[in-house]
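Nothing in this text is a laboratory measurement; each read-out follows from the coordinates by a stated rule. Values in this document were obtained by computation on a predicted structure and should not be read as measured data. As a convention, Cβ positions derive from the backbone with ideal geometry for all residues, glycine included, and neighbour counts pool all protein chains shown.
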Amino acid sequence: MHLTLGHSPDPDDAFMFWALATNQFDTGEYTFEHILQDIQTLNERALRGELHITAISIHSYAHLMDKYALLPTGSSMGDGYGPMLVAKKGSGLSIDDLKSKKILIPGKMTTAYLVARLLLGDFEQEVAMFDEIPAKVESGEYEAGLIIHEGQLTYEAEGLELICDLGVWWEGETGLPLPLGGNAIRRDLGEKHMSEINKVLKRSIELGLENREVAVAHALQYARHLDTPTADKFIGMYVNDWTLDYGDRGREAIRLLLDRGHEAGIIPAVKQLEFVA
């Protein structure tokens, strides 16, 4: 069975799927076509049900439940860290100040945007590609930005200052990690195939963790000029035990995030959160 697999062209996703992309193990009847696109684009494609398996923002799952089920593997959890609200160094802006500023965001369906809304309420925003945001804020074109991915490690070197780490804020509010992204699979594949495919993807993650040096070397081609130690640190932030399985706390965190998003009037209600067995 030939399957389309959507994920971001980022070092953490490349690490996660190194073993799959380089044919390190037997995948049985399944073959995978890797589709590399930014997370906002993947969220939009998932709305249309275009890919068999895809990385999604947890925010977007509230709009995808009819087409996709969540896989228990492949998550990106911010365990005491996460997307960041930033401004140019020396701005002196506070969280309260941001409520009246136009903020550059990486997409309206990203979890980063959902959590920023939970923190700030409704605010004026404009969408840009995630890797364009730091430069546009540093240049003064925008007073503040919402950064994701490796920008969480490089923002200071790019002339920016931190106003709020949303993962830290969320942990303080809930005591839970921040569920940023996950893998979803089309329901029309059927329970048997969904379960078997999940095992294949989990094995790819396990092999990456077991062969870290080789998998990191593979992931560097997607690291956007990060040096090896920084790329390795970033990968460790988002490919770890949480990625092998959400566990009870991870599942609780997803439920709470989606519930709070609905209570704030941002997303539809998610009445029953289902994971592939």
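Assorted remarks:
- Positive-end extreme of charge dipole, the chain - chosen from Q152, N183, N211 (charges on Cβ): N183
- HN-Hα J in Hz across the stretch 266-277 - Karplus 6.51, -1.76, 1.60, θ = phi - 60°, x for Gly and Pro: 9, 9, x, 5, 10, 6, 9, 8, 10, 10, 5, 7
- The convex hull drawn around the Cα atoms of the stretch 1-69, when projected onto a plane and averaged over every direction, covers 4.8 nm².
- Two-decimal log10 I(q)/I(0) for the stretch 155-277, as the Debye equation yields it once each C-alpha is a single scatterer, q = 0.18, 0.20, 0.23 Å⁻¹: -1.20, -1.27, -1.32
- Over the chain, Cα pairs under 8 Å with separation of 6+ residues give a relative contact order of 30 percent.
- Nearest 10 degrees, 0 to 90: helix 228-238 Cα axis against the chain principal axis: 80 degrees
- Filtered GluC sites (Glu not before Pro), the stretch 1-62: DSSP coil and at most 12 other beta carbons within 10 Å: E29
- Alpha-carbon Debye profile of the stretch 158-207, log10 I(q)/I(0) at 0.16, 0.17, 0.30, 0.32 Å⁻¹: -0.72, -0.74, -1.09, -1.15
- Over the chain: helical MRE at 222 nm, DSSP H runs n ≥ 4 each giving -39500 (n - 2.57), nearest 500: -11500 deg cm²/dmol
- According to the Cα-based calculation, Rg over Rh for the stretch 1-134 is 1.03, with Rh computed by the Kirkwood formula.
- Distance between the stretch 94-109 and the stretch 216-277 - C-alpha centres, whole angstrom: 22 Å
- With the convex hull of the Cα atoms taken as the outline of the chain, the averaged projected area works out to 13.4 nm².
- For the chain, size of Cβ-based charge dipole, Lys and Arg +1, Asp and Glu -1, in debye: 600 debye
- For the stretch 47-161, the number of Lys pairs separated by eight or more positions or lying on different chains, with C-alpha atoms closer than 15 Å, is 6.
- Annotation: amide H-H contacts under 5 Å for M109 (H modelled 1.01 Å from N, sequence separation of 5 or more, or interchain): none.
- Equivalent ellipsoid of the stretch 125-188: semi-axes from √(5λ) of the C-alpha gyration tensor, largest first, are 26, 18, 10 Å.
- Diffusion constant of the stretch 84-174 at 37 °C, which comes from Stokes-Einstein with the Kirkwood Cα-pair radius and 0.692 mPa s, µm²/s: 257 µm²/s
- Semi-axes of the equivalent ellipsoid for the stretch 114-156, Cα gyration tensor, largest first, Å: 18, 13, 9
- Degrees, to the nearest 10: 247-263 long Cα axis against longest axis of the chain: 50 degrees
- Projected onto planes of every orientation and averaged, the convex hull of the alpha-carbon atoms in the stretch 59-218 covers 11.1 nm².
- For the stretch 238-277, GluC sites (Glu not before Pro) are listed when DSSP marks them as loop and at most 13 other Cβ atoms sit within 10 Å of their Cβ; the list is E274.
- Sorted largest first, the principal axis extents computed over the alpha-carbon atoms of the stretch 9-49 equal 31, 25, 10 Å.
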